[in-house]
Structures are given as structure tokens and as C-alpha cells.
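Structure record follows, encoded as C-alpha cells.
The values are calculated or read from the model by the stated rules, or taken from the named source; none is laboratory data. On a predicted model such as this, the values are computed, not experimentally measured, just so you know. Every residue, glycine as well, gets a Cβ built from its backbone with ideal geometry; the counts of neighbours run over all protein chains shown. Side chains included, ligands, DNA and RNA excluded: accessible areas come from the protein's heavy atoms. Shrake-Rupley method; radii C 1.70, N 1.55, O 1.52, S 1.80 Å.
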Amino acid sequence: ITEYDVWQLTSNLTATATPITTFTRPSGTLQTYLGTGMSSSSGIWTFPSTGIWEVKVEALYSQSADNQLAEVRIFASDDNFATEDEIGYNSYRAKNPDVGSGSIRVLLDIQDTSNDKVKFTYTDSNGSANLLGESTKNRTTFQFVKISDT
């Protein structure tokens, strides 16, 4: 593995975010990244090199009313988001109040770092759900791991 990068959501999302734009690389004790690392501009993620990449979201949800629906999605594009496809989905619904988690994992073949990109979205369908984030702790994380060259 030559690239391994983790980013965290910096604060709770209490409303729909398309795309999610509030990220920071964790800076706590002993935390680091390997390689060049990912970059994000306005929620659009650029890969530092071509290859086979695993992209993973670990989402932590909360809700303050019964049967709220919270959803996280991964979208991919091979033309710098002129078009896009939904490639990963996770949702959470429970009784009030509750906290739960979910994950999404996809494997991507990045062939062109100028055009092959991803973004993450959050939808609060009913108005009382949250995607939990914090600037100093890994609540919701976004992970990028280069598995191999192509």
C-alpha cells in the first residue's frame, strides 16, 4: 500500500449536503497518512495517482424523532462530474432518540486523475436526523486506500 488517507467530517450535518464539503485530515496523537494524499475542492475528491483504489465511508448517525431517514451516498465520475453515477449507498432509520452507524465500501479503477473523481452526499429526508462529525474526533470518516497499480 503506497497511499492511505483518512478524512473526518468536521461537524454535525443537520441538513442535506450535496456534496459534503466539511472535511479535515485527523491530526490527533499518532494519526497520519501515507503517500501524497487526497485533495478535495468544493466536495469533489481528486486522486493523487492512477490505480485500484478502495473508498470507504464509516458514517455515524443520530436522530431526535421517530423514523427519520438519513442517507449517505458515494457518486463517481469519469468526466470531472459532467455526468455521474451513484456507486454506494447507506441509510439509517430508528426510533427516537437513537444513534447508529453504517458503512459503504467501493473499489475503483482510477485511470485518469484529471477526470476520475468521487463525491459524498448526505440527505436528511425528514428533518430530524444528523450525520455526526467533530473536528477533533473520528465520528464519520472517509477513507481512501490505493490497493495496487493498474
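Kindly list the number of the only condition in (1) in contact with a strand residue (DSSP E or B) (Cβ under 6 Å, 6 or more places away or on another chain); (2) farther than 23 Å from ASP78 by Cα; (3) open to solvent by 60 Å² or more (accessible area, probe 1.4 Å) that fails for ARG93. So the condition that ARG93 fails would be (1). Contact map, the range 45-56: first residue free of Cβ contacts under 8 Å to residues at least 60 places away in the same chain and under 7 Å from ILE110 (Cα atoms), second residue part of a loop (DSSP other than H, G, I, E, B) and open to solvent by less than 40 Å² (accessible area, probe 1.4 Å), Cβ cut-off under 6 Å, separation 6 or more or different chains; the map is empty.
Tally up the residues in the range 84-114 that are of a type in the set (Ser, Thr, Tyr) and closer than 15 Å to SER128 by Cβ, please. If you could, list the steps in order and put the result at the bottom.
If we filter the range 84-114 for residues that are of a type in the set (Ser, Thr, Tyr), which is where we start, we get 89, 91-92, 101, 103, 113-114.
From what's left, closer than 15 Å to SER128 by Cβ: 91-92.
Of the residues in that region, 2 qualify.
Candidates are the residues of the range 49-84 that are over 22 Å from TYR122 (Cβ atoms) and assigned to a strand (DSSP E or B); the one that is most open to solvent (accessible area, probe 1.4 Å) is ILE52. Would you point out the residue of the range 26-48, among those that are part of a loop (DSSP other than H, G, I, E, B), exposed (fewer than 14 other Cβ atoms within 10 Å of the Cβ) and at negative phi, that is farthest from the chain's Cα centre (by Cα)? Top of the filtered list is THR29.
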